[in-house]
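Take a look at the structure below.
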Amino acid sequence: MNMAVQALAARTPRLQCRGIGKRYPGVVALDDVNFEVLPGEVHVLFGENGAGKSTLISIIAGANKGDGKLMLDGREVDLQSVQHARSLGISAVFQEFSLVPQMSVADNLFLGAEKTHGGRLARGEMQRKAREALDSLGFDIDPHTLVQDLTRGEQQMVEICKAFQHELSVLILDEPTASLTENEKDKLFALVRKAKANGVGIIYISHRMHELQEIGDRMTILRDGRLVATVPASIGHDDLVELMTGRQVEQVYPHMDTLPGKEVLRISGLHTRSGLVCGADLTVRAGEIVGIAGLVGCGKSEVGRACFGVERIAAGEILYKGQPFVARHPQEALRAGIFYLTSDRKNEGLLLQHACRDNLSLSALHRKPVARGWWLHKGSERSWSAELAERVGFPSARLDRNAHEFSGGNQQKVLLAKGLTQPTDLYIFDEPTVGVDVTTRAAIYRFFKELCEAGAAILLISSDLSEVMNLSRRLYVMREGQVAAELTGSDINEQSVLSHFFE
Ligand SMILES: Nc1ncnc2c1ncn2[C@@H]1O[C@H](COP(=O)(O)OP(=O)(O)OP(=O)(O)O)[C@@H](O)[C@H]1O
Ligand SMILES: [Mg+2]
């Protein structure tokens, strides 16, 4: 134990979990987990998709009931609800957001804690307070905006801001940076450090391994619902992955050496009606991965959405396989051989109340019987969907379960598998590995490589800098709706990418 860890161990834990268990039909999500968070400590929870991280924090945050005991500052508590936990100082940013899309940012921030004046809602005051709260965190978001009009990254910022509205003892962050770029992550980490200095105990979940050492003090590793070990955060990358998977690590990023072929996509002077893209130009050729990086709100997602017919085009031209192309609806884009993976799986991606198998076959309906490439219709739909699932590392034995029963990472895999239900020439992946663990990530990247080798073009939109830098043959950096730079070869490095994020 190093000195810092020893010093931490001397204090009464902010939170202690004793023998926490949770069963779902056919799954032991948590089995006798003992876990504690000390004042001023960032305790990382780490583990593969489905290991039980979110289940554990949902119990700690009062959103879920489990077996075992919870002690807050040495006293046993029996949490009845998220509001109850919050009133005791336990506040969480959940992996699946809890904002109400039809309400404004300000209303969401004060939901359940509305300011009133003589029985009437004090709107002006709420707007002002919301503005103050967002400003103090350095988030540039208008409190009047409806949450449904925000990007996923912006919604994440509002969730974070909401968690900081309360007096805190324990702060829980479940993948808070999943859709944030470096700059926004730095802001969040500054806040976390401030909370630490005030003696808050922080539980931090992330699959982005380089973040963990930067912010963490200790780590607890879960595997299949069991606690494997609690170790100092300074543990090496390979040891950590081995604890997590029980296996040795493999190469995460594949070596890509396909030579690009014909131009598949050319975007010139693109403006969207939303105004978020204002004069973007880019090209993508067959057999190459082209990346787009940029801050939250720079318009990178909207470029992809415009190609897929989800975002309205105001001006400019899209050439697809050499022909002018405007998709008025996603179905049109799909029929033309364009697949778009949304970054918003909850609202656009999955039918959560339906079996994963149905989610897969629905997207292939208008194609049946499928008969090209390896999406060959092989006898029954059963083996077909099992094959798709295996391709992306989804537990195929559980395909008949509803999508909402799966961990965040596994839901992402179902979305990805949907892209394999039909012949596709252009893949547009928007945050494809949000919430996906490293081993699956490696599998997904290998799969991208295979798609390229088979002649597909890939446009990769990502806020994960290491992902987009390591996979892209060419990388566009967007800023304020335009392409600020196109980088290739050794110019694709962190310093040059970041320098183009800002003016
Ligand atoms: N409502 C539910 N019904 C049935 N099973 C569930 C439910 N919620 C979670 N599970 C199961 O419990 C296990 C743990 O899931 P959990 O969401 O805690 O994983 P996680 O560690 O957060 O994974 P990820 O990194 O993908 O977010 C998984 O096998 C999951 O399918
Ligand atoms: Mg989770």
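The values are calculated or read from the model by the stated rules, or taken from the named source; none is laboratory data. Predicted, not measured: the structure shown is a model, and the values here were computed from it. Because the Cβ atoms are built from the backbone with ideal geometry, glycine has one as well, and the counts that use them run over all protein chains shown. Ligands, DNA and RNA are stripped out before the accessible areas are found, and what is left, the full protein with its side chains, is counted by its heavy atoms. Shrake-Rupley method; radii C 1.70, N 1.55, O 1.52, S 1.80 Å.
Which order do the peptides 386-399, 459-472 take when ranked by the mean count of other beta-carbon atoms within 10 Å per residue, highest first? Could you put the intermediate results ahead of the total?
Numbers: 386-399: 18.9, 459-472: 22.9.
Highest to lowest by the protection proxy: 459-472, 386-399.
Within the accessible area of the chain, what % is carbon and sulfur when the probe is 1.4 Å and the other protein chains stay in place? Accessible surface attributable to carbon and sulfur in the chain totals 48 percent.
Is region 263-501 rounded, prolate or oblate when judged by the Cα gyration tensor, a ≥ b ≥ c being the square roots of its eigenvalues, rounded requiring a/c under 1.5 and prolate requiring a/b larger than b/c? Prolate is the answer for region 263-501, as a/c is 1.5 or above and a/b outweighs b/c.
For the chain, the longest principal axis of the Cα atoms and the long axis of helix 182-197 meet at an angle of about 0 degrees. In terms of distances greater than 19 angstrom between alpha carbons, the cross-link table entries Lys53/Lys196; Lys162/Lys194; Lys321/Lys413 yield Lys53/Lys196; Lys321/Lys413.
Calculated FRET efficiency, Asp186 to Ala485, Cβ-Cβ distance, R0 = 22 Å: about 0.60 to the nearest 0.05. Over region 3-245, accessible surface divided per residue gives 41 Å², non-protein components excluded, 1.4 Å probe. You can think of it this way: the chain between Asn34 and Arg328 has 100.5 nm of extra reach, that is 0.36 nm per residue less the Cα-Cα gap.
Classify the chain as rounded, prolate or oblate, taking a ≥ b ≥ c as the square roots of the eigenvalues of its Cα gyration tensor: rounded when a/c is under 1.5, otherwise prolate if a/b is larger than b/c and oblate if not. Could you put the intermediate results ahead of the total?
On the way: a/c = 1.65, a/b = 1.37, b/c = 1.21.
Prolate is the answer for the chain, as a/c is 1.5 or above and a/b outweighs b/c.
Taking θ as phi - 60° and the Karplus parameters 6.51, -1.76 and 1.60, the scalar couplings of region 27-44 work out to 9, 9, 6, 9, 9, 6, 8, 10, 7, 9, 10, 8, x, x, 10, 9, 9, 7 Hz in sequence order, x denoting glycine and proline. Amide H contacts for Ile235 (H built 1.01 Å from N in the peptide plane; partners 5 or more residues away or on another chain; cut-off under 5 Å): none found. The angle between the Cα long axis of helix 408-418 and the main principal axis of the chain comes to about 10°, on a 0 to 90 degree scale.
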